[in-house]
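Notes follow once the structure below has been shown.
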């Protein structure tokens, strides 16, 4: 496979057919002192302002509490990290904004409110607004003077966003639009001063986007939704009844709302993944402390192998997901820098960079949210009976984690999107998938090479396993395209299988690259636990990919073709023997000794 030396913007999705040098990826251990201070500011804010009031936040008895907390966050600058300095922000890169939601990821309903405001509630104006709109709204959004919400979903349009029925009709004098319609599941809806609303102008088939102030009138809402989790997050249905929206509040161009929605969701997905990682790390620390404190049969439950297994799995999956999140963020930031250097306007460059890595954003949304769900579930189990008690911390963590697999497009939709985007890029010639897939098909009839060259350096066996895992994905992708052609979109089960292989390969590779780079910085002896976590994740990634690949092969091929593909899969998913039990125990013992998730 070709190796990427990332000195310029690379193409999204290329990880499947190319290898990346470890020296070119960003790893969290490289945060600057300034970034570390920002991270600590976020942690201090949670400790002082949020954790002591979690029950009060969830009760929503005080409707001013969440806006008050948002205002305090604004005074600390946490709402304006991505907004340029000219509009009262700090203008920092994507990875830094992701670091902030990572730091605040254990803030339960508060981080939901903050993320909605700083992400989907602000970025449409930053990226698509004209100068007058930016001048008017961005300083107030950065300071927290105005709180924002994003209004896309309707009762009859969820994943199919363009089916929305909300309409905007131009007034006879041409000065404003009359907006009528209904939106639902609107985060921050109860206290927002400003709404990004998607509606169709008159008889248009495609959505447009509008900046709508609550003060415009004609806006009513239902009571707060009663939800399974994130109970402190304001979630309302919003009704627009002849809401008068000035024509100058049309965002971007008429009929471009769907484009805005899709592109803004890309950044929402990657930031959600980062927030989930922050939540996972906090859950692990809470579980580790309990495992050290809780005594059964005369010793701490953390001394039992079954508990060590859980702790090590939680940590390994979190470590791998974190590695991939910041790898993706860095790719986007580098692409942005490249586009700006070529003369592109900054807001357009940011959008193009996000669009370029939309595949990776979708991958990370799925993976991060499912890692958090896993950690929350195992956290409850480690707490045992107390895990099911509303008086213990895992209750809120478990309930609050579940929404993340639905937010920003369900995980099913995001899985389908990863393959859809990849295949469309291949059809347009932007990524050569069929060439490598044909090489893999030819390799099936050749004599297998089970050896590893001695000069391949550090992690040679692991790198070969990753190359082979990618070959397995290419083999099945090529066969699926050849068999189903234009009807492949109807084979969602196969597409989901392919997506899972893609996700596992990307995350496992990211973990390996992180550890390889970290060893270069700290030395091999000082990275033994990180190496264990990477190997644990890689081994299980190959096993998981092998399982879903078999399902796909059974659905695609029959007879001799099926037998050949199964033989190829066996070859491509062959792993060197690895004592997972001992590796997990080393990881768990490290966590228990540190009494926290210490890989920060």
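Each value in this text was obtained by applying a stated rule to the coordinates, not by laboratory testing. Quick caveat: nothing in here was measured; it's all calculated off a predicted structure. Cβ: placed from backbone, ideal geometry, glycine included. Neighbour counts: every protein chain shown.
Data overview
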read-out	value
On Cα atoms only, tilt of 33-45 relative to the major axis of the chain in degrees	60
Cα Rg over Rh - the stretch 102-192, Kirkwood	1.02
Structure-based [θ]222 nm, the chain - -39500 (n - 2.57) summed over DSSP H runs of at least 4, per residue, nearest 500	-18500 deg cm²/dmol
The stretch 378-437: mean projected area of Cα convex hull, nm²	6.3
Residue exposure sequence - 493, 525 - by fewest surrounding Cβ within 10 Å	525, 493
The stretch 382-514 shape via C-alpha gyration tensor axes, a/c threshold 1.5	oblate
Angle in degrees between helix 580-594 and the longest Cα principal axis of the chain, rounded to the nearest 10	50
Over the stretch 320-474 - Rg/Rh using Cα atoms and the Kirkwood inverse-distance radius	1.08
Prolate/oblate/rounded call for the stretch 252-345, Cα gyration tensor, a/c under 1.5 rounded	prolate
Measure of compaction for the stretch 258-412 (Cα Rg per 2.2 N^0.38 Å)	1.26
Taking 228, 496 and counting other C-beta atoms within 10 Å, the order from fewest to most	228, 496
Compactness of the stretch 150-256, expressed as Rg and Dmax over alpha-carbon positions, Å	13.5, 47
Reference-scaled alpha-carbon Rg (2.2 N^0.38 Å with N residues) for the stretch 362-412	1.21
Reciprocal mean inverse distance between Cα atoms of the stretch 46-136 - Kirkwood radius, Å	14.0
Inter-site label distance for residue 90 and residue 406 at 7 Å from Cα along Cβ, in nm	3.3
Long-range Cα-Cα pairs in the chain (distance over 44 Å), rounded percent	19
Cα→Cβ-extended label distance, 7 Å offset, between residue 306 and residue 40, nm	4.1
Nearest-ten-degree value, helix 358-383 long axis tilted from longest Cα axis of the chain	80
